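Below is one structure, written out as structure tokens, with a few remarks after it.
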Amino acid sequence: MQDSPSPALPAGFVFIDEPAKFHDPAALVARIPRGIRSKQKLLAILAEKLKFPGYFGHNWDALEESLRDFSWLPADQGVVIVHEDVPFGPRGENRPLYLSVLSEALAHWSSASVGRLRAIWPTSTREQFIPAANSPR
């Protein structure tokens, strides 16, 4: 299995050949299935799988806050979001928003020297991230 971060992306973006086979018994793993096109569906999956508190607001600001907090989880538990593809498709208006929120959260955990959050992507999608990572916010 290939496992390598991209230098143009925050630490925590990891590309592997077969995300469906990813396993980390020490981490809370949220699997994002192929074909997500709805913001509501993505946020519902993340809220359920990452055990977000009941007050989670199901919007981008709430997602960003929750991905930077994790106070409801054990302090030593890692969090991994495993993607089967890139949500929202190449032209989806929510795609850059999701990638920005996720990138900011990953940068937060990286700067805190606690690699608590990782995002797993199929190796075949790596080229899709370079433009998103370099675009102005």
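No lab work stands behind these numbers, since they all come straight from the coordinates. For clarity, every value in this text was computed on a predicted model and none was experimentally measured. Neighbour counts are summed over all protein chains in view; Cβ atoms, including those assigned to glycine, are modelled from backbone coordinates with ideal geometry.
Quick notes on this one:
- Positive minus negative residues near Ile81 (Lys, Arg vs Asp, Glu; Cβ under 9 Å): +3
- Cross-link partners for Lys39 among the aspartates and glutamates, with Cα-Cα distance under 19 Å and sequence neighbours closer than 8 places in the same chain left out: Glu48, Asp61, Glu64, Glu65, Glu84, Asp85, Glu93, Glu104.
- Applying 1/(1 + (r/R0)^6) with R0 = 22 Å to the Cβ-Cβ distance of Tyr55 and Asp76 gives a FRET efficiency near 0.35.
- For Val79, nonlocal amide neighbours, meaning residues 5 or more places apart or on other chains whose placed amide H falls under 5 Å from its own, are Leu28, Leu117, Arg118.
- Most positive-pole-ward Cα, Ala75, Ser111, Pro90, against dipole of the stretch 20-135 from beta carbon charges: Pro90
- Counting every C-alpha pair in the stretch 37-114, the share spaced more than 22 angstrom apart comes to 21%.
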